[in-house]
Structure formats: C-alpha cells, structure tokens
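Only one structure is covered here, and it is reproduced in the block below.
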Amino acid sequence: MTTRERFVPIEEAGRRYGVSYRTMRNRVVDGTIQTYRSDRDRRMTLVAIDEIDRIFAPRPDTANSEVEPLSVV
C-alpha cells in the first residue's frame, strides 16, 4: 500500500464496484477488507481505495481460456 492512501466510506466503495453494503460488510467480517475510523467523525467507517481496487479488480480467467463463451438461446 502507498504511504498516502485515500480512504472512502464503505458505502461509497460498494457503489464504485456495484456491490451492496451487506457484501462490503461481509468482506469486513471475513477479514478480506480492513476498515478504519475517520479522525473527523468516529462514526464513519472507511476503507482504503487501493485495497478495494485490488480486491475487486477484474482478473483474467486463464484457467478457462480455451473454453468458448456460452451462447444465449
């Protein structure tokens, strides 16, 4: 992680990747995402943008690269 990370509220991070608040909280509970408290408002739960980008970034599917895509009938 960078020395100067940017942080956003957990709700905003979920909206960026199209996942629900519940999904984000589940990732926190299972230890996938670390949360932080805002110095300005201790009630606000923040997540590091770099961490969210890493977790939700698209990954190439190399294991199934020879499989043809499904067609819609």
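Here, each number is a calculation from the coordinates, and none is a lab measurement. Being a predicted model, the structure only gives us computed values, none of them experimental. No Cβ is skipped: glycine too gets one built from the backbone with ideal geometry, and neighbour counts run over all protein chains shown.
How high is the FRET efficiency from Val8 to Asp30, r the C-beta distance, R0 30 Å, rounded to 0.05?
0.90
Residues of region 34-55 with amide nitrogen under 18 Å from the 7 Å Cα-to-Cβ point of Arg16?
34-39, 44-55
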